[in-house]
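Beneath this line is the structure, given in structure tokens, with notes to follow.
Just so it is clear, none of the values below were taken in a lab; they were calculated from the coordinates. Just so you know, these numbers come straight off a predicted model, no measurement behind them. When we count neighbours, we look across all protein chains shown, and the Cβ atoms used for this are built from the backbone with ideal geometry, even at glycine.
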Amino acid sequence: MSRPYSDNSPIVVGVDDSEAAMRAVRWAALTAAKHHVPLRLVHASGLSDPYLIGFTVPPPEAFKEELRERQRRALRTAEEIATQVGAPTVEARFETDAAIPFLLHASRTARMVVVGSSGRTGLAGLMVGSTTLALVSHGHCPVVSVRRDYPDAVAEDTRPIVVGVDGSPLSVRAIGHAFAEASVRNVDLIAVHTWSDTTTALLEERRMFEDWEPIHEYETRVLAERLAGWQEQYPDVHVEREVVKDRPRHELLEHSKAAQLVVVGSRGRGGFRGMLLGSTSQALIHHASCPVMVVRPERHAARS
């Protein structure tokens, strides 16, 4: 069980001219300062596409240049925000590739990718949400979603980190990232483990041949076992454990109201084989009251 961050990989932020993107830049810059790692700001315009969205013929060159200039201004604003909040090293890049494929490629070598999501309804909101959903479904590193309706991140935020624990391999990875974030921020970690009558009915077959212990005690022991190794690696982090009979999305959404970050695996033990994103992570991305980190499966080959 190794620490999730073992190198100087950068934090990558997808930038556009939206309010959500600037909030994402601020959150990512503060996080880069706490981790002492580089921050990479990327605006991927999609101008390399032969036809821009909404055009059946190539738009005039003057229009494309005006669009480029607006996007460069957004990138300069993002760079100013990142420098002001103390990111140690800031690199700003303007790319003509489309956002989703470029950010997916960048996720191969990133510590995390941070994106802003407007949280709006309608076509504009869906377009913003598609980038976030693509990254949390296919990215090679943790992805953090920061909505425009979140308050601005502050340097001395004392609110806890919250992690959802269900015993799946991905939730174990999520625990490691949650401990790391709590450690660099010097805040408490709340580990939330939920169970219900339907999930406990599907416990491992081996329990059918053992003495049944009270369900709450069993689930409490499961949580303790999942946390033990990480607590040894991060003795500075104070952990509060919560074992509740409830659905995970409800408990985590409630905890997000008083947290600075919620960390979850992209899908849990209740997901169907082949699912890229579970219902809990989807609910948090759309409705949580704080930024959400979605931890993806590790892909050694992609990062080598």
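Hey, rough spin-label estimate for Ala98 and Glu217, points 7 angstrom out along Cα→Cβ, what's it come to in nanometres?
In this crude label model, Ala98 to Glu217 measures out at 5.6 nm.
Spin-label point model (7 Å from Cα, Cβ direction): what's the Glu254 to Glu65 distance in nm?
Computed distance between label sites Glu254 and Glu65 equals 5.9 nm.
If you rank Ser281, Ser145 by fewest surrounding Cβ atoms within 10 Å, what's the result? Walk me through the numbers before you get to the answer.
Working: Ser281 32, Ser145 28.
Sorted ascending by nearby Cβ count, the order is Ser145, Ser281.
Work through the residues other than Val42 whose Cβ is under 13 Å from its Cβ and net out their charges, Lys, Arg +1 and Asp, Glu -1.
Working: positive: Arg40, Arg72, Arg93; negative: Asp16, Glu79, Glu91, Glu95, Asp97.
Here the charged neighbours net out to -2.
For Val244, enumerate residues with amide H under 5 Å from its amide H, sequence gap 5+ or separate chain, H modeled in the peptide plane.
When sequence neighbours closer than 5 places are left aside, the close amide H contacts are His193, Thr194, Trp195.
Apply the Karplus curve 6.51 cos²θ - 1.76 cosθ + 1.60, θ = phi - 60°, to the phi angles in segment 188-193 and return the couplings in whole Hz, x for Gly and Pro.
Couplings: 6, 10, 10, 9, 10, 10 Hz.
Please compute the net charge surrounding Gly176, taking Lys and Arg as +1 and Asp and Glu as -1 over other residues with Cβ under 11 Å from its Cβ.
Working: positive: Arg3, Arg173, Arg226; negative: Glu181, Glu298.
Net charge in that neighbourhood comes out at +1.
Label points 7 Å out from Cα along the Cβ direction at Ala224 and Thr89: separation in nm?
For the pair Ala224/Thr89, the computed spacing is 4.4 nm.
Could you calculate the FRET efficiency of Gln231 with Val154 from 1/(1 + (r/R0)^6), where r is the beta carbon distance between them and R0 is 25 Å, rounded to 0.05?
Working: r = 27 Å, r/R0 = 1.09.
Given R0 = 25 Å and the Cβ-Cβ separation, E is 0.35.
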